[in-house]
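**Q** Structure provided below as structure tokens; questions to follow.
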Ligand code: CA
């Protein structure tokens, strides 16, 4: 595997050589043995069950008959791509308690390959090169300072002999950057920081000196954010590497600035030279963002006819709900239109490239609770999008959900909390039944087929829930997508007619691929429910029908005759909480602490979205084991950190009182009789 091979990936359509298949990250497969005329004959070829029930977000690679993919906890699996027979597995042994630093589950989105090696980034910040034949580590580098709460969940890419890796943590007080390591030696070749550091020290690159003028106050003390946690694409002709950056840290812009500024280069697309990391241009989608609008979603490069002219463009549908088309040589904005209901801006000014922000979305200025769309879940985030040069359409999963934002009255960064700068109780899912009903009623999910030239939706497939998988389009006039309710489906790419579906028995959030072995075409998808929505936004995630989580790789082919074992029955449990005895002030204190420390994994307002335990059902609500788990790390091996450093026993008791209160509230709402 080398650069020429990836750059010419279309000459070997049977392989999937790089995260987005090709450097332009179009995720379009030129294969058409399986097509819109015969896809109804497609059946399961094989499946491979995984050993972890956490979220699965990876896109597999397939090279010369072998499939390589990562799973939760940054593990790597190699299988025979025709049979699913395992060849090797690798476990980097991530310390489970590092999970407290992950905003959005212990997921991993994929591996990269080059020169006989497989590269994976680990949740605890390492970059590991494995021998592709044996799965044994060849070298390993720590890419972060472990004093800070960095995590790696994104897939590395390899360009010109350098493996590129970023990291996440823009709610955990980190400073974003991307690093390039030599594929052979593992030596650091360059590092590009996306936000300026301490201005009393020299800036690492000239652009950071300019960027620092758009920050005020002492932002660097909390890192600044702007993390490079997912998107990368490369244009070999222009020799430009494109990356997307996350939000500023924390979300509330007045906390990271004494006077509001643009906060470059957070929430931006940046073009760099891949040999040196030298800055070439940037386009900022959200200057001075305050809604958690990362610009880290997948970047697609395409050549499109725009106003009668063939343009080299960059396509981007980030969290903020606008679909952007940029000239990728210069970074100039060509067009931007909303692909969902957007309330934070009325449009994007094509002259200046800046959004026209709506006053009614400025929660810090108003000091009130404001419901803004999209919310921090984003209108579209990391889930893979696919551009078909045949139909000229971009296929991607879209999510519509508003979110209640309110400024925190007092805010200080906490070492073990999720730091947003918003009021932990007022923000999120309001408990006023009418507002809650309104928000939940407005939540929608769909697969959208978008024309990037006309900037209009051409067709859509509505989904039962908001959190679904990524898309693959093929030359067989097909689009594949998995859903949060466990279906893997195929549509006619030009019309949206649904042609085929199969049950995965488990929610799907990852993106599919297609490949061949000995001329036979396969379509593969990793199933497994997880990611930010089921962890942090339980009530929203529960808009998808609930089911068990059975993470597995599934591969399909024409005439496939394999079958899955019977699906485990989903049994809703009975709520049997102890009676609420605490006074309202204790419950309120517990609510604040729960929302700050617990909600990001166990779910907003103590409702789990089906990955981690729903604490309302916990047996520990009645025993002192609660304190052993919360304070002392009794379940450390399962990923539950000890909070004793930051939470007192009295605080832990208050959190429990809040969960007991919520459990009783849920019991009353469901109309169940409490069993004695
Ligand atoms: Ca973010």
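The values are calculated or read from the model by the stated rules, or taken from the named source; none is laboratory data. Since we're looking at a predicted model, the values are computed, not measured. Virtual Cβ from ideal backbone geometry, glycine too; neighbours counted across all protein chains shown.
**Q** Among the residues of segment 5-14, write down those that are more than 25 Å from the chain's Cα centre (by Cα) and either outside any loop (DSSP other than H, G, I, E, B) or in contact (Cβ under 8 Å) with a residue 40 or more places away in the chain (or both).
**A** Once the filter is applied, which keeps residues that are more than 25 Å from the chain's Cα centre (by Cα) and either outside any loop (DSSP other than H, G, I, E, B) or in contact (Cβ under 8 Å) with a residue 40 or more places away in the chain (or both), segment 5-14 yields 5, 7, 9, 10, 11, 13, 14.
**Q** Tell me which of these residue 262 doesn't satisfy, since it passes every other one: (1) touching a helix residue (DSSP H, G or I) at 6+ places or on another chain (Cβ under 9 Å); (2) at pLDDT 95 or above; (3) more than 23 Å from residue 335 (Cα to Cα).
**A** Only one criterion is unmet by residue 262, namely (3).
**Q** May I pose another question? In segment 100-112, which residue that is crowded, with 23+ Cβ neighbours inside 10 Å and more than 16 Å from the ligand (Cβ to nearest atom) is farthest from residue 1 (Cα to Cα)?
**A** 106
**Q** Here's a follow-up. Identify all residues within segment 638-664 that are part of a helix (DSSP H, G or I), modelled with pLDDT of 95 or more and surrounded by fewer than 16 Cβ atoms within 10 Å (Cβ to Cβ); write none if there are none.
**A** Matches in segment 638-664: 649, 650.
**Q** Same structure again: Condition check: surrounded by fewer than 23 Cβ atoms within 10 Å (Cβ to Cβ), more than 23 Å from the chain's Cα centre (by Cα) and either in a loop (DSSP other than H, G, I, E, B) or within 16 Å of the ligand (Cβ to nearest atom) (or both). Does residue 351 satisfy that?
**A** Numbers: surrounded by fewer than 23 Cβ atoms within 10 Å (Cβ to Cβ): yes; more than 23 Å from the chain's Cα centre (by Cα): yes; either in a loop (DSSP other than H, G, I, E, B) or within 16 Å of the ligand (Cβ to nearest atom) (or both): yes.
Considered against the rule, which asks whether it is surrounded by fewer than 23 Cβ atoms within 10 Å (Cβ to Cβ), more than 23 Å from the chain's Cα centre (by Cα) and either in a loop (DSSP other than H, G, I, E, B) or within 16 Å of the ligand (Cβ to nearest atom) (or both), residue 351 comes out as yes.
**Q** Of all residues being closer than 22 Å to residue 540 by Cβ and without any contact (Cβ under 8 Å) to a residue 40 or more places away in the chain in segment 325-348, which is surrounded by the fewest Cβ atoms within 10 Å (Cβ to Cβ)? Just the residue, please. Walk me through it before giving the result.
**A** Going residue by residue through segment 325-348, those that are closer than 22 Å to residue 540 by Cβ are 338-344.
Now restrict to residues that are without any contact (Cβ under 8 Å) to a residue 40 or more places away in the chain: 338, 342.
Details: 338: 19, 342: 21.
Per the stated criteria, the residue is 338.
**Q** Could I ask something else about it? Quick check, is residue 260 surrounded by fewer than 24 Cβ atoms within 10 Å (Cβ to Cβ) and within 25 Å of residue 411 (Cβ to Cβ)? Spell out how you get there, then give the answer.
**A** Values: surrounded by fewer than 24 Cβ atoms within 10 Å (Cβ to Cβ): yes; within 25 Å of residue 411 (Cβ to Cβ): yes.
Spelling it out, residue 260 is indeed surrounded by fewer than 24 Cβ atoms within 10 Å (Cβ to Cβ) and within 25 Å of residue 411 (Cβ to Cβ).
**Q** So residue 153 clears everything in (1) more than 13 Å from the ligand (Cβ to nearest atom); (2) touching a helix residue (DSSP H, G or I) at 6+ places or on another chain (Cβ under 9 Å) except one condition, right? Which one?
**A** (1)
**Q** Considering each of 273, 311 in turn, give the residue that is within 20 Å of residue 165 (Cβ to Cβ), without any contact (Cβ under 8 Å) to a residue 60 or more places away in the chain and more than 14 Å from the ligand (Cβ to nearest atom).
**A** Details: 311 fails: within 20 Å of residue 165 (Cβ to Cβ).
Going through 273, 311 in turn, just one is within 20 Å of residue 165 (Cβ to Cβ), without any contact (Cβ under 8 Å) to a residue 60 or more places away in the chain and more than 14 Å from the ligand (Cβ to nearest atom): 273.
**Q** I'd like the full set of residues that are at pLDDT 95 or above, more than 14 Å from the ligand (Cβ to nearest atom) and outside any loop (DSSP other than H, G, I, E, B), limited to segment 221-251.
**A** Of everything in segment 221-251, those that are at pLDDT 95 or above, more than 14 Å from the ligand (Cβ to nearest atom) and outside any loop (DSSP other than H, G, I, E, B) turn out to be 232, 233, 234, 235, 240, 241, 242, 243.
**Q** So, one more: Please indicate, with yes or no, whether at least one residue in segment 200-215 is touching a strand residue (DSSP E or B) at 6+ places or on another chain (Cβ under 7 Å), within 16 Å of the ligand (Cβ to nearest atom) and not in a strand (DSSP E or B). Talk me through it step by step, then tell me what you get.
**A** Taking segment 200-215 and keeping what is touching a strand residue (DSSP E or B) at 6+ places or on another chain (Cβ under 7 Å), we get 204-205, 207-208.
Retained after the next criterion (residues that are within 16 Å of the ligand (Cβ to nearest atom)): none.
Checked segment 200-215: no residue is touching a strand residue (DSSP E or B) at 6+ places or on another chain (Cβ under 7 Å), within 16 Å of the ligand (Cβ to nearest atom) and not in a strand (DSSP E or B).
**Q** Another question, then. Just to be sure before I move on: is residue 180 in contact with a strand residue (DSSP E or B) (Cβ under 7 Å, 6 or more places away or on another chain), buried (at least 24 other Cβ atoms within 10 Å of the Cβ) and assigned to a loop (DSSP other than H, G, I, E, B) in the structure I sent?
**A** Numbers: in contact with a strand residue (DSSP E or B) (Cβ under 7 Å, 6 or more places away or on another chain): yes; buried (at least 24 other Cβ atoms within 10 Å of the Cβ): yes; assigned to a loop (DSSP other than H, G, I, E, B): no.
In short, no.
**Q** Evaluate the following for residue 175: is it in contact with a strand residue (DSSP E or B) (Cβ under 8 Å, 6 or more places away or on another chain), within 16 Å of the ligand (Cβ to nearest atom), at pLDDT 95 or above and over 18 Å from residue 192 (Cα atoms)? Spell out the reasoning first.
**A** On the way: in contact with a strand residue (DSSP E or B) (Cβ under 8 Å, 6 or more places away or on another chain): yes; within 16 Å of the ligand (Cβ to nearest atom): yes; at pLDDT 95 or above: yes; over 18 Å from residue 192 (Cα atoms): no.
Taking the combined requirement at face value, the residue does not satisfy it.
**Q** Same structure, new question: Would you confirm, using the coordinates I've provided, whether residue 385 is buried (at least 21 other Cβ atoms within 10 Å of the Cβ), within 24 Å of residue 109 (Cβ to Cβ) and in contact with a strand residue (DSSP E or B) (Cβ under 6 Å, 6 or more places away or on another chain)? Even if it seems obvious, please write down each step before you answer.
**A** Details: buried (at least 21 other Cβ atoms within 10 Å of the Cβ): yes; within 24 Å of residue 109 (Cβ to Cβ): yes; in contact with a strand residue (DSSP E or B) (Cβ under 6 Å, 6 or more places away or on another chain): yes.
Taking the combined requirement at face value, the residue satisfies it.
**Q** Tell me, which helices (runs of 4 or more DSSP H) lie completely within segment 506-616 with 2 or more residues that are out of contact with any strand residue (DSSP E or B) (no Cβ under 7 Å at 6 or more places or on another chain) and closer than 19 Å to residue 639 by Cα? Spell out the reasoning first.
**A** Values: elements: 532-536, 538-541, 584-593, 599-602.
Result: 532-536, 599-602.
**Q** Select the strands (runs of 3 or more DSSP E) contained entirely in segment 46-111, then report the ones holding at least 3 residues which are free of Cβ contacts under 8 Å to residues at least 24 places away in the same chain, under 26 Å from residue 486 (Cα atoms) and over 20 Å from the mean Cα position of the chain (by Cα).
**A** none
**Q** Could you list, ordered by first residue, the pairs with Cβ atoms under 8 Å in which the first is in segment 199-219 and at positive phi and the second is surrounded by 19 or more Cβ atoms within 10 Å (Cβ to Cβ), at least 6 apart or interchain?
**A** Here the result reads 217/256; 217/257, each pair linking segment 199-219 to a residue that is surrounded by 19 or more Cβ atoms within 10 Å (Cβ to Cβ).
**Q** Based on what the data block shows, is residue 170 in contact (Cβ under 8 Å) with a residue 60 or more places away in the chain, in a strand (DSSP E or B) and out of contact with any helix residue (DSSP H, G or I) (no Cβ under 9 Å at 6 or more places or on another chain)? Step through it out loud before you land on a result.
**A** On the way: in contact (Cβ under 8 Å) with a residue 60 or more places away in the chain: yes; in a strand (DSSP E or B): no; out of contact with any helix residue (DSSP H, G or I) (no Cβ under 9 Å at 6 or more places or on another chain): yes.
No.
**Q** When you look at residue 321, is it within 16 Å of the ligand (Cβ to nearest atom), surrounded by 24 or more Cβ atoms within 10 Å (Cβ to Cβ), modelled with pLDDT of 95 or more and within 19 Å of residue 532 (Cβ to Cβ), yes or no? If you could, list the steps in order and put the result at the bottom.
**A** Numbers: within 16 Å of the ligand (Cβ to nearest atom): yes; surrounded by 24 or more Cβ atoms within 10 Å (Cβ to Cβ): yes; modelled with pLDDT of 95 or more: yes; within 19 Å of residue 532 (Cβ to Cβ): yes.
The answer is yes for residue 321.
**Q** Right, here's the next one. Looking for whichever is touching a residue at least 24 places away in the same chain (Cβ under 8 Å) and over 30 Å from residue 7 (Cα atoms) here; the options are 251, 281, 229. Which one fits? Before the answer, list the steps.
**A** On the way: 281 fails: over 30 Å from residue 7 (Cα atoms); 229 fails: over 30 Å from residue 7 (Cα atoms).
Within the list 251, 281, 229, the selection yields 251.
**Q** Can you name the strands (runs of 3 or more DSSP E) wholly within segment 438-498 that have at least 3 residues being farther than 18 Å from residue 552 by Cα and without any contact (Cβ under 8 Å) to a residue 60 or more places away in the chain? Show your work before the answer.
**A** Details: elements: 444-451, 456-463, 471-474, 478-482, 487-492.
Fully inside segment 438-498 and qualifying: 444-451, 456-463.
**Q** If you don't mind, another one. Given the condition within 25 Å of residue 545 (Cβ to Cβ) and surrounded by fewer than 20 Cβ atoms within 10 Å (Cβ to Cβ), answer yes or no: does some residue in segment 605-613 qualify? Explain how you work it out, then say what you get.
**A** Taking segment 605-613 as the starting set, the residues that turn out to be within 25 Å of residue 545 (Cβ to Cβ) are 605-613.
With surrounded by fewer than 20 Cβ atoms within 10 Å (Cβ to Cβ) added as a condition, the list becomes 613.
So far as segment 605-613 goes, yes, one or more of its residues are within 25 Å of residue 545 (Cβ to Cβ) and surrounded by fewer than 20 Cβ atoms within 10 Å (Cβ to Cβ).
**Q** Also, quick follow-up: Can you pull out the residues in segment 22-45 that are assigned to a loop (DSSP other than H, G, I, E, B) and more than 26 Å from residue 119 (Cβ to Cβ)?
**A** Let us first name the residues in segment 22-45 that are assigned to a loop (DSSP other than H, G, I, E, B), namely 22-27, 30-38.
32, 33, 34, 35, 36, 37, 38, listed by residue number.
**Q** Tell me, please, whether a residue that is within 16 Å of the ligand (Cβ to nearest atom), at pLDDT below 95, more than 27 Å from residue 509 (Cβ to Cβ) and touching a helix residue (DSSP H, G or I) at 6+ places or on another chain (Cβ under 7 Å) can be found in segment 376-391.
**A** no
**Q** Working carefully through the options 593, 615, 558, find the one that is touching a residue at least 40 places away in the same chain (Cβ under 8 Å) and under 30 Å from residue 490 (Cβ atoms). Show your work before the answer.
**A** Working: 593 fails: under 30 Å from residue 490 (Cβ atoms); 615 fails: under 30 Å from residue 490 (Cβ atoms).
Result: 558 is the single residue among 593, 615, 558 that is touching a residue at least 40 places away in the same chain (Cβ under 8 Å) and under 30 Å from residue 490 (Cβ atoms).
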